[in-house]
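> Take a look at this one; I'll ask things after.
The values are calculated or read from the model by the stated rules, or taken from the named source; none is laboratory data. Treat the numbers as computed from the prediction; the structure is a model and nothing was measured. Cβ placement follows ideal geometry from the backbone for every residue including glycine, while neighbour counts extend to all protein chains displayed.
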Amino acid sequence: MHELALCRSIADIVRRTAAERRVVRVHLRIGELRQVVPDTLVYCWSMTSAGTDLDGAELVVDRVPARLRCPDCGHVSAMGDFPDFGCAACDGASCEVESGEEFLITAMDLVET
Amino acid sequence: MGRFHRHDDGPAHSHDDHSGYATGIERVEVLERIFDENDRLAAANRADLAAAGVWSVNLMSSPGAGKTALLRETLVRLAGVTRIGVVEGDIETSLDADRLAGFGAEIALVNTGNGFGGECHLDAPMVRSALPRLPLADLDLVLIENVGNLVCPAEFDVGEHARAMVYSITEGEEKPLKYPVMFRSADLVLINKIDLLPHLDFDLELFRANLRAVNPRVATIGTSARTGDGVDEWCAWLISRGARPARR
């Protein structure tokens, strides 16, 4: 629902990094716990970049699964469809998120112009 | 020299991508968080508020959960007790800000449809634009009423010191499971419209179990803006928490 706003933030970082070079691809890493719909993000990106210096630049999304670590027993588990942050191994009440909250630009493919 | 290396004059990048040679494409490693700019301004907001001795709470809920009615009761009770500023976020209209006027609080309206593209949430730059319209030096507490939405507001740090959610029991027991990011981000959940409990098939214990699954340590207060149930307890939470140093 906020993918348009995110596209603006992404474009700001991309332009600053590209520094006049043509942007072919932008590689993103997005955790599953981030409320971002990759298809919607790609659609919004194509809409907002059309007719600009970023026209044609492709967004490539690497989705990172949510993994939880129990601070009591150290058990690491993948989060299933049911959003339960309790520990499956020791009944600990609250696991920490080991991965799944990432939201960053990891790399860009650029061409000198 | 490895696939990725770092020059003194810029970020790491690779030279041994053979398809890259063919097309002239160069891969540049970036590793920049997309929320960096928002989070930088959120930290600035938090610092400005703290420097003025103000504690702030980001109030979030779905549309119609009763944020504004509860806020109005809060202002009535805390008038003369603590000095309150309100940042009122709405996509359009000043209807909610109008409902909060006349209770002694300073109000700064942010219409996200006006210059912010109709955003479904408040972000740190929007709150930053509203703070100069509040007399921070004369305030103790700033309540930030976010746009009614259980998805986007959870993602954006606006510079608050704590997050409170208004959940209404008419929304059903499964809301925490459907919106775990929002419920997990809250420091306090107000279980609102609690006066309707005898009239609904709502299972309060099932709701609490679902809430514990996503946020085991969260505090809860049952409230009703209509009858006033729990509102004093909520006000006490605001005052007692506000007296402590900022959490973040």
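> Just to be sure before I move on: is A:R34 more than 20 Å from B:G118 (Cβ to Cβ) and either modelled with pLDDT under 95 or not in a helix (DSSP H, G or I) (or both) in the structure I sent?
yes
> Go through A:A78, A:A66 for me and flag whichever is over 20 Å from A:D12 (Cα atoms), under 19 Å from the mean Cα position of the chain (by Cα), without any contact (Cβ under 8 Å) to a residue 40 or more places away in the chain and surrounded by 14 or more Cβ atoms within 10 Å (Cβ to Cβ).
Only one candidate passes the filter, namely A:A66.
> Within segment A:1-11, restricting attention to residues that are at the interface with chain B (Cβ under 7 Å from one of its Cβ atoms) and over 17 Å from B:V151 (Cα atoms), which residue is surrounded by the fewest Cβ atoms within 10 Å (Cβ to Cβ)?
The extreme case among them is A:S9.
> Hand me the list of helices (runs of 4 or more DSSP H) wholly inside segment B:122-190 holding 3 or more residues that are touching a strand residue (DSSP E or B) at 6+ places or on another chain (Cβ under 8 Å).
Fully inside segment B:122-190 and qualifying: B:124-130, B:180-185.
> Can I ask one more? Out of curiosity, is B:V158 free of Cβ contacts under 8 Å to residues at least 24 places away in the same chain, more than 23 Å from A:F85 (Cα to Cα) and buried (at least 22 other Cβ atoms within 10 Å of the Cβ)?
Here the answer is no, as B:V158 does not meet what is asked.
> For A:G56, which of the numbered conditions (1) of a type outside the set (D, E, K, R); (2) more than 10 Å from chain B (Cβ to nearest Cβ); (3) surrounded by 15 or more Cβ atoms within 10 Å (Cβ to Cβ) fails to hold?
It is condition (3) that A:G56 fails.
> Here is a follow-up. With B:L95, B:L139 as the choices, which residue is modelled with pLDDT under 90 and among the aliphatic types (A, V, I, L, M)?
From the options B:L95, B:L139, the qualifying one is B:L95.
> Can you report the number of residues in segment B:198-209 which are over 13 Å from B:Y167 (Cα atoms) and either assigned to a helix (DSSP H, G or I) or within 18 Å of the chain's Cα centre (by Cα) (or both)?
Number satisfying all stated conditions: 5.
> Kindly evaluate B:V166 against the criterion of being within 28 Å of B:L141 (Cα to Cα), out of contact with any Phe, Trp or Tyr (no Cβ under 6 Å at 6 or more places or on another chain), of a type in the set (V, I, T) and crowded, with 23+ Cβ neighbours inside 10 Å.
The answer is yes for B:V166.
> Output the number of residues of segment A:97-113 satisfying the condition of being over 19 Å from the mean Cα position of the chain (by Cα) and modelled with pLDDT under 95.
The total comes to 2.
> Okay, moving on. For segment A:31-38, check the following and say yes or no: at least one residue is in contact with a Lys or Arg (Cβ under 7 Å, 6 or more places away or on another chain) and either more than 8 Å from chain B (Cβ to nearest Cβ) or surrounded by 14 or more Cβ atoms within 10 Å (Cβ to Cβ) (or both).
There is at least one residue in segment A:31-38 that is in contact with a Lys or Arg (Cβ under 7 Å, 6 or more places away or on another chain) and either more than 8 Å from chain B (Cβ to nearest Cβ) or surrounded by 14 or more Cβ atoms within 10 Å (Cβ to Cβ) (or both).
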